Amino acid sequence: MKQLLILTFSLGLLFSCASVDSKDENTDNGMLKQGLDAAKSEAGQKALQTAKEKATDPALQDKVKETLKKKQQ
């Protein structure tokens, strides 16, 4: 569960940083490049696979649904 949340937060941060216009046009979006490199690495691929497996777990899906219902109330 923690890994899924960390991965989701990291990807959200990655995409939000990627959408921000750079003031210096000569930069190569270093943060974006680092994130993509990390995702392409062996450890990154393992983390993505683990997150995918956990996301399809019915017990975890039920916990997430319950948490969302509590937040809405």
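Using the beta-carbon distance between SER10 and THR56 and R0 = 25 Å, what value does 1/(1 + (r/R0)^6) give for FRET efficiency, to the nearest 0.05? Mind dumping the intermediate values first?
Values: r = 20 Å, r/R0 = 0.79.
It comes to 0.80.
Under 14 Å from the Cβ of THR8, count the other residues' Cβ atoms, weight Lys and Arg +1, Asp and Glu -1, and hand me the total.
+3
Please list 63-69, 32-38 highest first by mean number of surrounding beta-carbon atoms within 10 Å per residue.
Numbers: 63-69: 10.6, 32-38: 13.9.
Descending mean neighbour count gives 32-38, 63-69.
For an R0 of 30 angstrom, estimate the FRET efficiency from the Cβ-Cβ distance between ASP37 and MET1 and round to the nearest 0.05. Numbers along the way, then the final one.
Working: r = 26 Å, r/R0 = 0.86.
After rounding to 0.05, the efficiency reads 0.70.
We did not get these values from a lab; they are worked out from the coordinates using the rules stated. A quick note: this is a predicted structure, and the numbers were derived from the prediction, not measured. Methodologically, a virtual Cβ is constructed for each residue, glycine included, from the backbone with ideal geometry; neighbour enumeration extends over all protein chains shown.
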